[in-house]
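The values are calculated or read from the model by the stated rules, or taken from the named source; none is laboratory data. Because the structure is a prediction, the values reported are computed rather than measured. A quick note on method: Cβ atoms are made from the backbone with ideal geometry, for glycine too, and the neighbour counts reach across all protein chains shown.
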Amino acid sequence: MAGEMDPEPGSGPRVFASPALLLESVGERLGASDWLLIDQERIDRFAEATGDHQWIHVDPEKAAAGPFGATIAHGYLTLALTNKFMPEILRVDGVSMGINYGVNKVRFLQPVKVGSRVRGSAKVAACDEIHGGVQVVITITVEIEGSDRPACVCESVSRFMT
């Protein structure tokens, strides 16, 4: 798999036949997910799940007169969507399990206004052998359609166990 061209966005995940093949992919772009509409219902459900009901997220009328001109997605909703995007970008076969091991760094660079479409794109930043598998650091960028500046960039750490 290493050295192949980036898949087209939304064309399905980049498939690695085994975790060991990730070791050869450091520095490579993996591709991008499909676009996802961020509607008020999704924002409201996240607010309900987390208890974060700040008006910039859940009060369209007040938010229209606020600093962003509309409600915005929670930063942590944007981050949480990376878990939705990753299976659309990357699939590793030959594993007994995959584990979200953590996040090294997260930055929220721009708010996501309601009605925007976002997608994830990913690049393999590092990969190391560990006992029973590999640990991979993937830089995930949450892009906003029509914007030159991303909403979020994070370094996601995953373990793929054989």
Query raised in the report: Quick one: in the stretch 115-151, which of the residues that are touching a Lys or Arg at 6+ places or on another chain (Cβ under 7 Å) and within 20 Å of T71 (Cα to Cα) is surrounded by the most Cβ atoms within 10 Å (Cβ to Cβ)?
Result: E143
Query raised in the report: So which of G31, G27 ends up being closer than 30 Å to H131 by Cα and assigned to a loop (DSSP other than H, G, I, E, B)?
Result: G27
Report summary line: Taking the stretch 17-74 and keeping residues over 24 Å from P150 (Cβ atoms), among the acidic types (D, E) and touching a strand residue (DSSP E or B) at 6+ places or on another chain (Cβ under 7 Å) leaves none
Query raised in the report: Counting only residues that are among the polar types (S, T, N, Q) and under 15 Å from N83 (Cβ atoms), which one in the stretch 140-162 is nearest to the chain's Cα centre (by Cα)?
Result: T141
Query raised in the report: Looking only at helices (runs of 4 or more DSSP H) that fall completely inside the stretch 48-162, which ones have 3 or more residues that are more than 30 Å from L22 (Cβ to Cβ)?
Result: 55-58, 60-64
Report summary line: When restricted to F108, F85, the only residue aromatic (F, W, Y), at pLDDT 95 or above and more than 30 Å from E61 (Cβ to Cβ) is F85
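Go over the candidates S33, S25 one by one and state the one that is in contact (Cβ under 8 Å) with a residue 60 or more places away in the chain, surrounded by 14 or more Cβ atoms within 10 Å (Cβ to Cβ) and over 14 Å from the mean Cα position of the chain (by Cα). Before you say what the answer is, go through the steps one by one.
Details: S33 fails: over 14 Å from the mean Cα position of the chain (by Cα).
Going through S33, S25 in turn, the sole match is S25.
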Report task. Would you check if there is a residue in the stretch 52-60 being touching a residue at least 60 places away in the same chain (Cβ under 8 Å) and surrounded by fewer than 19 Cβ atoms within 10 Å (Cβ to Cβ)? Result -> no
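What about F68, is it surrounded by 16 or more Cβ atoms within 10 Å (Cβ to Cβ), modelled with pLDDT of 95 or more and among the aromatic types (F, W, Y)?
no
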